[in-house]
Amino acid sequence: MRNSILILLAVLMLAFVSFGQKKVKTHLPATQKTAALAEWESLRFGAFVHFNDNSCLVREFSKNTDPAIFNPVNLDFDALMSTFQKAGVKYAVLTTRHTSGFCLWDSKMTGFDVANSDSIIKLGKLIWGKK
């Protein structure tokens, strides 16, 4: 009897939680080749860049929670782009949130982001070359 009541409560809780969720739009794989897909495929070779607070700690993983750690002054974007060009990389994808959870945008969901580091101006100078 007790197990039946627990199962019933679990089912009711699951149903309650399920009904309160918003529908999420799903994105399915392309079923036909589009011009944009053909163009992307013609590029052939790209790079994925994972760049976050751990890059400044010189570690793959850390338990950092301080956005001030993000200080990319030792990263040489010109050398990175030169390496990409020599390798024949045609496009790059910047991962804006990776294993540490640090966001490379001003997130409304967390303070663990680039906007709360002292380096937002430095980052813009590094990427866009503005003095």
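FYI, it's all coordinate maths here, none of it is from the lab. No experiment lies behind these values; they were computed from the predicted model shown. All Cβ positions, glycine included, derive from the backbone under ideal geometry; neighbour counts span all protein chains shown.
Data overview
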quantity: Computed FRET value (nearest 0.05) for Thr83 with Ala38, which takes r as the C-beta separation and R₀ as 22 Å; calculated: 0.20
quantity: Anisotropy class of the range 34-128 from Cα gyration tensor, a/c 1.5 cut; calculated: prolate
quantity: FRET efficiency, 1/(1 + (r/R0)^6) with R0 30 Å, evaluated for Leu28 and Ala92 via beta carbons; calculated: 0.70
quantity: Contour minus Cα-Cα distance for Thr99 and Lys63 (0.36 nm per residue); calculated: 12.0 nm
quantity: Selection of chymotrypsin sites (Phe, Trp or Tyr not before Pro), the range 39-93, meeting DSSP coil and at most 10 other Cβ within 10 Å; calculated: Phe45, Phe61
